[in-house]
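All remarks here apply to the structure that follows.
The values are calculated or read from the model by the stated rules, or taken from the named source; none is laboratory data. For clarity, every value in this text was computed on a predicted model and none was experimentally measured. Note that we place each Cβ from the backbone using ideal geometry, even for glycine, and neighbour counts take in every protein chain shown. Heads up: the accessible areas ignore ligands, DNA and RNA and are worked out on the full protein's heavy atoms, side chains in. Shrake-Rupley method; radii C 1.70, N 1.55, O 1.52, S 1.80 Å.
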Amino acid sequence: MYKRILTAVTVIVLLCLPTAWAADTSATAAILMDGDTGEVLYEKNPDRQMLIASTTKLMTTLVVLERGGLGDVVTVTQQHIAEGSSMYLKPGDRVTVEELLYGLLLCSGNDAALALADHCGGLERFVAEMNRKAAELGMKNTHFTDCCGLTDSEDHYTTPRDIALMSQELITKYPEVFDYTKIWMENITHVTAKGSSEFGLTNTNKLIRQYEYATGLKTGSTSLAKYCVS
């Protein structure tokens with residue numbers, strides 16, 4: 001049974017800090033988890049189902065990394081072009097899976113998410129895999145309907161606790177994800193209809209620039225979900 005989602009500012013943080021550390025936040029819901037042990041150090045409405053915007057892309061990343069093939073080349077089609085955050089792909093561009101991950105995790109490209117999902121068997125199959133992985137991780141209050149979180153759908157939701165579980169799995173199983181998420185700006189080159197083209201990506205996570213100890217992980221925002229971060 002679908003539970004009504006409360007839409008408000010959400011903060012999800014995953015760090016390793018002493019258990020004596022205390023916190024407070026004005027966010028509607030939050031959790032602080034030790035990334036190594038899974039110990040919860042702080043929580044505030046941790047199981048409240050909420051809209052999650054582009055923090056969805058953490059599961060997209062997890063499913064893509066489990067599949068492998070970072071060097072695979074993806075040809076962009078019109079179906080991959082999306083509203084909202086973008087790495088400005090154009091139909092006919094040829095981009096590797098790894099380059100798409102840069103676009104996914106730095107500038108939160110919805111086009112990158114759609115191209116990756118299509119490459120991994122199609123959007124419907126990919127979303128089914130996202131939900132299968134969520135169930136495997138014990139994310140009991142999560143359901144995905146897309147791979148990017150662009151649509152504020154009442155059927156697309158999770159909780160701070162579930163995002164913490166997903167984030168812990170990602171950084172524990174694939175620590176190389178920090179090679180992407182710790183970058184503030186990056187130039188990548190891909191093949192277009194007019195030849196090779198280089199363009200710059202800037203991380204949507206301003207903590208990477210403003211706080212020297214930040215290592216990631218993912219931001220998200222829509223008009224209804226407000227501001228989310230893991």
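Overview of values
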{"item": "Failed item in (1) modelled with pLDDT under 95; (2) open to solvent by less than 50 Å² (accessible area, probe 1.4 Å); (3) β-branched (Val, Ile, Thr), with Val177 passing the rest", "result": "(1)"}
{"item": "Hits in the range 73-101 - residues which are in contact with a helix residue (DSSP H, G or I) (Cβ under 8 Å, 6 or more places away or on another chain), open to solvent by 40 Å² or more (accessible area, probe 1.4 Å) and part of a helix (DSSP H, G or I)", "result": "Gln79"}
{"item": "Selection within the range 125-140 - assigned to a helix (DSSP H, G or I) and not basic (Lys, Arg)", "result": "Phe126, Val127, Ala128, Glu129, Met130, Asn131, Ala134, Ala135, Glu136"}
{"item": "Filtered residue count, the range 1-34, keeping only those that are part of a loop (DSSP other than H, G, I, E, B), crowded, with 16+ Cβ neighbours inside 10 Å and modelled with pLDDT of 50 or more", "result": "2"}
{"item": "Filter result (aromatic (Phe, Trp, Tyr) and open to solvent by 30 Å² or more (accessible area, probe 1.4 Å)) within the range 180-202", "result": "Trp184, Phe199"}
{"item": "Unique match (being surrounded by 17 or more Cβ atoms within 10 Å (Cβ to Cβ), in a loop (DSSP other than H, G, I, E, B) and under 16 Å from the mean Cα position of the chain (by Cα)) among Asp152, Asp162, Asp146", "result": "Asp146"}
{"item": "All positions within the range 35-66 that are outside any helix (DSSP H, G or I), of a type in the set (Gly, Ala, Ser) and open to solvent by less than 20 Å² (accessible area, probe 1.4 Å)", "result": "Gly35"}
{"item": "Conditions (1) without any contact (Cβ under 8 Å) to a residue 60 or more places away in the chain; (2) not in a loop (DSSP other than H, G, I, E, B): number failed by Gly69", "result": "(2)"}
{"item": "Residue within the range 123-131 that is under 22 Å from Arg94 (Cα atoms), open to solvent by 20 Å² or more (accessible area, probe 1.4 Å) and out of contact with any Ser or Thr (no Cβ under 6 Å at 6 or more places or on another chain) present", "result": "yes"}
{"item": "Top-ranked residue in the range 196-208 [being at pLDDT 80 or above and over 15 Å from Lys218 (Cα atoms); ranked as nearest to the chain's Cα centre (by Cα)]", "result": "Gly200"}
{"item": "Residue in the range 109-124 that is under 15 Å from the mean Cα position of the chain (by Cα) and in a loop (DSSP other than H, G, I, E, B) present", "result": "yes"}
